[in-house]
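Read the figures in this text as sums done on the coordinates, not as results from a lab. The shown structure was predicted, so the numbers you read here are calculated from the model rather than taken from an experiment. FYI the Cβ positions are ideal-geometry reconstructions off the backbone, even for glycines, and counts take in every protein chain you see.
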Amino acid sequence: MSQRVGAGFLTWVVAGFFIVAGANHFRDPAIYLGMMPPWLPWPEAMNLISGAAEIAGGAGLLWPRFRRMAGWGLIALLIAIFPANLHVALQGRMPGLEVSPLALWLRLPFQAAFIFLVWQVALKRPRTSGAGPGSGPS
């Protein structure tokens, strides 16, 4: 598989992940509402906004014109939702789901992995062959 085909496939996988995860905010909001830290205002609105942002960001990854903007938006979203993931790890439970406390802690590093994947598909600049200005003989 060529590098270009592999990158296209990864883009579709990452986009699909965010679209499905975002849709789940609307399908099963109780899971996400249970993750919200108590100090966060308007949890229902925050759930809907973050779900819509995941769907829009995932869809944006599929259009080259919007890919960089979607990438930055998804990275910002992943950073913004980290406190909710930390909150459930500190609680030791995720309301609405049977998840071990250890799994809640182990999922925290996945935020960094998702950020890396978004960077790979949306923001990483392709390597150049070195055949640009200043690379040839003078």
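Projected onto their three principal axes, the Cα atoms of the range 3-123 cover extents of 42, 29, 21 Å, largest first.
Taking 30 Å as R0, compute the FRET efficiency from the Cβ-Cβ separation of ARG65 and ALA103 and round it to 0.05.
0.20
Pick out which of ALA103, ALA15, ALA112 has the largest mean-square fluctuation in a Gaussian network model of the chain, springs linking Cα atoms closer than 10 Å. Answer for the Gaussian network model of the chain: ALA103. Roughly speaking, what is the centre-to-centre gap between the range 88-104 and the range 12-50 when only Cα atoms are used, to the nearest Å? Each part reduced to its Cα centre gives a spacing of 16 Å. In the chain, the longest principal axis of the Cα atoms and the axis of helix 64-91 are about 30 degrees apart.
For the chain, modelled as a GNM whose springs connect Cα atoms under 10 angstrom apart, the maximal fluctuation among ALA84, ALA113, ALA53 occurs at ALA113.
Taking the C-alpha atoms only, the angle from helix 3-27 to the longest principal axis of the chain is near 20 degrees.
Largest mean-square fluctuation among TRP63, TRP119, TRP39, in a Gaussian network model of the chain whose springs join Cα atoms under 10 Å apart, belongs to TRP39. Residues whose amide H falls under 5 Å from that of MET94, counting only those 5 or more places apart or on a different chain, are VAL99, with hydrogens built in the peptide plane. Using just its DSSP H runs of length 4 or more, each adding -39500 (n - 2.57), the chain gives a mean residue ellipticity at 222 nm of -23000 deg cm²/dmol after division by all residues.
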